[in-house]
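Student: One structure, pasted below without further comment.
The values are calculated or read from the model by the stated rules, or taken from the named source; none is laboratory data. This one's a predicted model, so the numbers in the text were calculated from it and none came from an experiment. Note: ideal-geometry Cβ built from the backbone for every residue, glycine included; neighbour counts use all protein chains shown. What goes into the accessible areas is simple: the full protein's heavy atoms, side chains included, and nothing from ligands, DNA or RNA. Shrake-Rupley method; radii C 1.70, N 1.55, O 1.52, S 1.80 Å.
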Amino acid sequence: MAERILTGIKPTGQLTLGNYIGVLKNLPKMMDRGECFIFIADLHALTLPIEPKVLKDNSIDIASFYLAAGLDPKQVALFLQSDVSAHAEMNAIMQNYLYMGELSRMTQFKEKSAKMKESGIGLGLFAYPVLMACDIILYDANTIPVGEDQVQHVELTRNLVNRFNQRYGNILQMPKAVTPKVGARIMSLSDPTKKMSKSDPKGDIYLKDDIEVIRKKIMSAVTDSGSEVKYDVENKPGISNLLIIYASLKDISIKEAEQHFKDYRYGDFKKEVAQAVIDELEPFKKRYEKIIASQSYVEALKDGAAKASILANKTLNRVKDAVGLFRAK
Ligand code: TYM
């Protein structure tokens, strides 16, 4: 089968440089490799408490960032997960084929639920990977571009596909996670042993940050003792993270980045990394602002949902038939 590419971003907070390097920037290159289904995982955002206005604004932001990154809505299906009801319907079926034991072993569930002990842990947070598996199988997707933290969820989807196909025949397509060679896990600038995530204002670079704020954040990124710019994740996690950011944005290997900075002191090194980030994000942010102002995301999302629904409903019907759900319409 030709390549079918699918990925999503959850509108829970401000998008970071981690999201940009991990997936966003790599998507336009994939448009020519196969059919792309790219979405905003808004139902997933409800698994943690979120204000309605924030959810809505974040969803619009992500749609606009996808377009600003260069996705052509004529060529790819760009849509909101909640606009394609087949996701929720498939979820109702597939929740019976993943087990509580395997869901409770998911790293993301363990991390997120630990913070929710007092307020109560919603069932949706626990069942999150079921819906994510449905996102993937609905489109017979085989290539799933993600950052490292989502690989475990794609692996679980593979288990589901195996289990389901063994029982019902060859019904579901087997997906595979694809992570970038450089930049699959961008770390926090304030604590480079932790992942850059949407909820750490000090350690994050937000795509919506002003250019000068971005420069300041990189200049004050935690570095390590010593003065040599060297890739050594164990002993120099801060420097290594900045080297990864630079290499990824310049499309070079970490070795080449290391070579480029071999005679640099930390201060000059950071200055040049900051400039590389700004050179990349400045035009991207301008495109984003234009898209927000013109609201061109509305048409794109409408078209995308229509395109996505056709395929998703086909797969849903195939699954209904396989498990024995009688369809009277
Ligand atoms: P989310 O919204 O947390 O992140 C979106 C994408 O960005 C990647 N990412 C990173 N990559 C590198 N370094 C980082 N610090 C970093 N932080 C985040 C993530 O790995 C992800 O690829 N569950 C998903 C959304 C989703 C999905 C799907 C993805 C729902 N259904 C189906 C793929 C296929 C999530 O919460 O991503």
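Student: Counting only protein chains, not ligands or nucleic acids, how are Lys255, Lys262, Lys236, Lys208 ordered by accessible area (probe 1.4 Å), most first?
Tutor: The most accessible residue leads, giving Lys255, Lys262, Lys208, Lys236.
Student: As an exercise, take the mean of 1/r over every pair of distinct alpha carbons in the chain, invert it, and state the Kirkwood radius in angstroms.
Tutor: Kirkwood radius, the chain: 20.9 Å.
Student: While we're on this one: So what is the calculated 222 nm ellipticity per residue for the chain, using -39500 (n - 2.57) for each DSSP H run with n of 4 or more, over all residues, to the nearest 500 deg cm²/dmol?
Tutor: Result for the chain, helices only: -16500 deg cm²/dmol.
Student: Here is a further query. Whole angstrom only: what separates the Cα centroid of the range 303-329 from the Cα centroid of the range 109-160?
Tutor: That distance is 22 Å.
Student: If you don't mind, there's one more thing I want to ask. Quote the relative contact order of the range 1-84 in percent (integer), defining contacts as alpha-carbon pairs under 8 Å separated by 6+ residues.
Tutor: The normalised contact order for the range 1-84 reaches 42 percent.
Student: Further question on the same structure: Counting DSSP beta bridges with both partners in the chain, what percentage is antiparallel, nearest 5? Mind showing how you got there, number by number?
Tutor: Numbers: 3 of 18 bridges.
Close to 15 percent.
Student: Also, I was wondering about something else. For the pair Ile211/Glu282, report the inter-label distance in nm, with labels modelled 7 Å from Cα in the Cβ direction.
Tutor: 0.4
Student: Okay, next question. Over the range 211-291, what is the relative contact order in percent, taking alpha-carbon pairs closer than 8 angstrom and at least six residues apart?
Tutor: Relative contact order of the range 211-291: 35 percent.
Student: Continuing with the same structure: Would you list, by chain and number, the aspartates and glutamates whose Cα falls below 15 Å from the Cα of Lys314, excluding same-chain residues fewer than 8 positions away?
Tutor: Glu89, Asp135, Asp140
Student: Right, here's the next one. Taking the Cα centre of the chain as the origin and placing charges on Cβ (Lys, Arg +1; Asp, Glu -1), which of Ser309, Ile292, Leu207 is farthest toward the positive end of the dipole?
Tutor: Farthest towards the positive end: Ser309.
Student: Taking N as the number of residues in the range 211-291, what is its Cα Rg relative to 2.2 N^0.38 Å? Don't skip to the answer; put the middle values down first.
Tutor: On the way: Rg = 13.2 Å, N = 81, 2.2 N^0.38 = 11.7 Å.
That works out to 1.13 for the range 211-291.
Student: Okay, moving on. If I ignore ligands, DNA and RNA and count only protein heavy atoms, how much of Leu48 is accessible to a 1.4 Å probe, in Å² to the nearest 10?
Tutor: 50
Student: OK, next. Given labels modelled 7 Å from the Cα in the Cβ direction, how far is it in nm from Val54 to Ala328?
Tutor: Here the modelled spin labels are 4.4 nm apart.
Student: Taking Cα pairs under 8 Å and at least six residues apart, what relative contact order does the chain come out at, in percent?
Tutor: 24
Student: Another one. List the extent of the Cα atoms of the range 245-293 along each of their three principal axes, largest first, rounded to whole Å.
Tutor: In descending order, the Cα extents are 44, 22, 10 Å.
Student: While we're here: Karplus couplings for the range 252-260 from phi (6.51 cos²θ - 1.76 cosθ + 1.60, θ = phi - 60°), rounded to Hz, Gly and Pro as x?
Tutor: Calculated HN-Hα couplings, in order: 10, 7, 4, 4, 5, 5, 4, 4, 4 Hz.
Student: In this model, which of Lys112/Lys198; Lys56/Lys112; Lys195/Lys271; Lys56/Lys181; Lys202/Lys290 are farther than 24 Å apart at the alpha-carbon? Working shown, then result.
Tutor: Values: Lys112/Lys198 13 Å; Lys56/Lys112 22 Å; Lys195/Lys271 22 Å; Lys56/Lys181 33 Å; Lys202/Lys290 28 Å.
Too far apart for the 24 Å limit: Lys56/Lys181; Lys202/Lys290.
Student: A further question follows. Among all helices in the chain defined by DSSP H, which have a length of 24 Å or more along the axis from Cα atoms plus a Kyte-Doolittle mean of at least -1.0? Walk me through the intermediate numbers first.
Tutor: Details: long enough: 52-69 (26 Å, 0.34); 151-168 (25 Å, -0.93); 266-294 (42 Å, -0.59); 297-323 (37 Å, -0.06).
Helices meeting the span and hydropathy rule in the chain are 52-69, 151-168, 266-294, 297-323.
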